[in-house]
Amino acid sequence: MNPLLRLGVAISERVTGHRMLPARLLAWYPKAAIGAGVLESLVAHHEPSDRLLKLVRITASITANCAFCVDMNGFEYDRVGITDEELQALGPGRENEVASFSARERYAIDYARRISSSPLRFPTELTTALCESFTERELVILATTAAQVNYWARVIQALGIPPVGFTESCPLPLN
């Protein structure tokens, strides 16, 4: 393995506390590994909010039906104020079952689900609600966050990478 990539893999494994098979496999093609590393380093972290980003990441992971992604993105969901009931409601079309989601969160969850489904369909009502509820910057952050999860879901599923156990204590729903 390229020494620079070996360092990157070591850092990712130290940070996560798990053997990161995606990073190890991407190291076979350094250009893909570097591109994925740049993508990962530039993702949104706190804007619009940690909670909203976590909801989008988990929803996109569930919708893409990627067990590894659900495992990783669901890790420490409670640290951003997501309850067990809310977590379970991120399954397909269940966000309206939980009163604690704000209107913005419901729109973001629906948006993430639609970004992660095929064919892409964005009803006028949703588009209008999104534009009224979020700034242009926030919409770009939500869209790129869901798209980034979808990138990883496709790569991880194509390479047959199983979950590593981030959320062993709380299984999350898959489609």
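Read-outs throughout are calculated quantities, based only on the coordinates presented, and are distinct from any laboratory measurement. These numbers were taken from a predicted model, which means no experiment stands behind them. All Cβ positions, even for glycine, are placed from backbone atoms using ideal geometry, and neighbour counts span all protein chains on display.
Centroid-to-centroid, using Cα positions, the stretch 23-60 and the stretch 125-151 are 16 Å apart.
What's the ranking of 74-86, 108-120, 135-147, 34-46 by average number of surrounding C-beta atoms within 10 Å, highest first? Can you show the working numbers first?
Numbers: 74-86: 15.0, 108-120: 18.7, 135-147: 16.5, 34-46: 13.1.
Those peptides, ordered most packed to least, come out 108-120, 135-147, 74-86, 34-46.
Using alpha carbons only, how many degrees (0 to 90, rounded to 10) separate the axis of helix 136-158 from the longest principal axis of the chain? In the chain, helix 136-158 runs at an angle near 50 degrees to the longest axis. With the cut-off at under 15 Å, measuring from each backbone N in the stretch 81-124 to a point 7 Å along the Cα-to-Cβ line of residue 32 picks out no residue.
Residues whose amide H lies under 5 Å from that of residue 65, counting only those 5 or more places away or on a different chain, are 175; hydrogens are built 1.01 Å from N in the peptide plane. Annotation for residue 117 and residue 78: the two label points, set 7 Å from Cα along the Cα-Cβ direction, are 3.1 nm apart. Principal-axis analysis of the Cα atoms of the chain puts helix 50-63 at an angle of about 80° to the longest axis.
Any chance you could run the full-extension gain for residue 137 through residue 159? It's 0.36 nm times the residue separation minus the Cα-Cα distance, nm to one decimal. All intermediate terms of the calculation are to be shown ahead of the outcome.
Details: separation 22, 0.36 × 22 = 7.92 nm, distance 3.31 nm.
Gain on extension, residue 137 to residue 159, equals 4.6 nm.
Counting helices only, and only those DSSP H runs with n ≥ 4, report the 222 nm mean residue ellipticity of the chain as the sum of -39,500 (n - 2.57) divided by its residues, in deg cm²/dmol to the nearest 500. All intermediate terms of the calculation are to be shown ahead of the outcome.
On the way: 9 runs with 104 residues, N = 175.
One gets -18500 deg cm²/dmol as the mean residue ellipticity at 222 nm.
Name the residue farthest towards the positive end of the dipole of the stretch 1-123 from the options 49, 68, 5, assuming +1 on Cβ of Lys and Arg, -1 on Cβ of Asp and Glu, about the Cα centre. The listed residue farthest towards the positive side: 5.
May I ask you to compute the full-extension gain from residue 106 to residue 15, defined as 0.36 nm times their residue separation minus their alpha-carbon distance, rounded to one decimal in nm?
Values: separation 91, 0.36 × 91 = 32.76 nm, distance 3.12 nm.
So the chain would gain 29.6 nm between residue 106 and residue 15.
To the nearest ten degrees, helix 30-41 and the longest principal axis of the Cα atoms of the chain are 40 degrees apart. Checking [x] 16.3; [y] 16.7; [z] 17.3 against the coordinates, the calculated Kirkwood radius over Cα pairs in Å falls under label [y].
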